[in-house]
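Worksheet for the structure shown next.
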């Protein structure tokens, strides 16, 4: 099973020229082999720019969110079929900022997960706890609720074509990082929870870690038994920082 590195934090932090430069530098620095896959999830307006760079390379690309409806009067939203038409292969669902800032409930995230798969996209399901929830020893309960919202609608079989990403909210953009042991503990908890439903699917599922990953800590994090790559935040804003993570893993 190859590690997966996802550059998921461009957000509203670049322009078209910067998007083209960053994607080009990442594509040039990526040497495909049997150990690592790499994907870029740019803002919607720059997907076509990344697509033009990625064409003919092993670099994959996707989107940062989608609407759960197939079509209709949803001004300002993007549906799954539009992403497929742009060549996307993956999409984030349930990113912590979408949950906290835009009210994406566990139930809505589950609907987005279903919509992504129905269109042929691989959903990258993001789960994680806040600092308050961690300090109250609620981490596993919170993550269980986030997973169960999807499982209750799709069953475990849906995770055969999905990626799971653990992003402790307290470690995103704060400079704080879960220790390799802390991250492994939660990754193992999630895999064990899913393995109780289907051991083969759980064993093959890629579970990414996201939370202040950088070149200096990537190798130790990704050496853990149940960490299969990273959802990279601030370090994805420059090619040097993102490729440093790739080089540490590859």
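A single member of 211, 173 is modelled with pLDDT under 95, in contact with a helix residue (DSSP H, G or I) (Cβ under 8 Å, 6 or more places away or on another chain) and crowded, with 22+ Cβ neighbours inside 10 Å, and it is 211. Residues in the stretch 121-142 that are over 23 Å from residue 7 (Cα atoms) and surrounded by 13 or more Cβ atoms within 10 Å (Cβ to Cβ): 131, 133, 134, 138, 139, 140, 142. If you go through the stretch 176-203 and keep only what is surrounded by fewer than 15 Cβ atoms within 10 Å (Cβ to Cβ) and not in a helix (DSSP H, G or I), you end up with 176, 179, 196, 197. If I filter the stretch 162-184 for residues that are farther than 21 Å from residue 133 by Cα and in contact (Cβ under 8 Å) with a residue 12 or more places away in the chain, do I get at least one hit? Checked against the condition, which is being farther than 21 Å from residue 133 by Cα and in contact (Cβ under 8 Å) with a residue 12 or more places away in the chain, the stretch 162-184 yields at least one hit. Considered as a group, the residues in the stretch 176-193 that are in contact with a helix residue (DSSP H, G or I) (Cβ under 8 Å, 6 or more places away or on another chain) and at pLDDT 85 or above include one that is farthest from residue 94 (Cα to Cα), and that residue is 180.
Out of the residues in the stretch 214-234 that are assigned to a helix (DSSP H, G or I) and modelled with pLDDT of 90 or more, state the one that is surrounded by the fewest Cβ atoms within 10 Å (Cβ to Cβ). In this case the residue turns out to be 216. Going through (1) over 19 Å from residue 5 (Cβ atoms); (2) in contact with a helix residue (DSSP H, G or I) (Cβ under 7 Å, 6 or more places away or on another chain); (3) assigned to a helix (DSSP H, G or I) one by one, residue 245 falls short only on (1).
Checked against the criterion of being within 17 Å of the chain's Cα centre (by Cα) and over 27 Å from residue 221 (Cα atoms), the stretch 68-84 has at least one qualifying residue.
Among the conditions (1) under 18 Å from the mean Cα position of the chain (by Cα); (2) within 23 Å of residue 5 (Cβ to Cβ); (3) surrounded by fewer than 16 Cβ atoms within 10 Å (Cβ to Cβ), the only one that residue 101 does not satisfy is (2).
The values are calculated or read from the model by the stated rules, or taken from the named source; none is laboratory data. As the structure is a prediction and not an experimental result, all values here were calculated from the model. Here the Cβ is made from the backbone with ideal geometry for all residues, glycine too, and neighbour counts use every protein chain on show.
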